[in-house]
Amino acid sequence: QTCALPISQPDTGRYYEATLPPEPGSVLNLDAMSFGVRRSSTGPRDFSVRSSLDNFEANLPAQIVPENPELSVAGGQFHFVNDNTSTQPANVNGSTVALGDAFDAVSGPVTFRIYGYGAEQAGGTLAIDEVAVSGSVSAVPEPEEYAVLVAVSLAGVAGVRRSRLAGRESAGSDLRIP
């Protein structure tokens, strides 16, 4: 049996949640989040991912990687296409969320919420497993390092300015220093 594409909206009070805090002195550069899902025969057909960066307002860009005929995407929502829970493997893999530029150089904790909705009956279940977030961690320069970088930059600018002025002085006698 095949069901139409997403037919409901998330209940913003019911979700799975995970928080990634950067280590002190570092920032997170997050690229993607992937996970496996499974549902009971009466469980939610639709699910989406949101983050704390926009206070959980919008669905993050959803995609199926690798392609999986059991899932589809529309409007940032994942959707179980077929009602064949008795033949599905333990997890339906391929749910991936692309994390854009907003997730580069994140200096504070970022929380992700996965909302399941559109259950066929009360008591239906959705399971999330094998959650993975890809990206990198970068060190943040200490304030003393910023001061050294600024001092070196200013010294370099002053040196260039002095050498230009020195060259002008030898080339003519009407040099005016601003």
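The values are calculated or read from the model by the stated rules, or taken from the named source; none is laboratory data. Every value quoted in this text rests on a predicted model; they were computed, and no experiment measured them. Cβ coordinates were reconstructed from backbone atoms using ideal geometry, including for glycine residues, and neighbour counts include every protein chain displayed. Heads up: the accessible areas ignore ligands, DNA and RNA and are worked out on the full protein's heavy atoms, side chains in. Shrake-Rupley method; radii C 1.70, N 1.55, O 1.52, S 1.80 Å.
Given the criteria surrounded by 12 or more Cβ atoms within 10 Å (Cβ to Cβ), at pLDDT below 85 and either part of a loop (DSSP other than H, G, I, E, B) or not aromatic (F, W, Y) (or both), does G159 qualify? So G159 does not fit the description; no. Residues in segment 10-28 that are among the polar types (S, T, N, Q) and open to solvent by less than 30 Å² (accessible area, probe 1.4 Å): S26 alone. Residues that are modelled with pLDDT under 90, closer than 22 Å to A58 by Cα, open to solvent by 70 Å² or more (accessible area, probe 1.4 Å) and touching a Ser or Thr at 6+ places or on another chain (Cβ under 9 Å) do not occur anywhere in segment 95-107. Anything in segment 112-131 that is open to solvent by 20 Å² or more (accessible area, probe 1.4 Å) and under 13 Å from the mean Cα position of the chain (by Cα)? List them, or say none. The one that is open to solvent by 20 Å² or more (accessible area, probe 1.4 Å) and under 13 Å from the mean Cα position of the chain (by Cα): R113. Only residues that are assigned to a strand (DSSP E or B) and open to solvent by 30 Å² or more (accessible area, probe 1.4 Å) were counted across segment 30-45, and they come to 3. Within the bounds of segment 134-141, is there any residue that is surrounded by 11 or more Cβ atoms within 10 Å (Cβ to Cβ), in contact with a Phe, Trp or Tyr (Cβ under 9 Å, 6 or more places away or on another chain), over 21 Å from T12 (Cβ atoms) and modelled with pLDDT of 90 or more? Yes.
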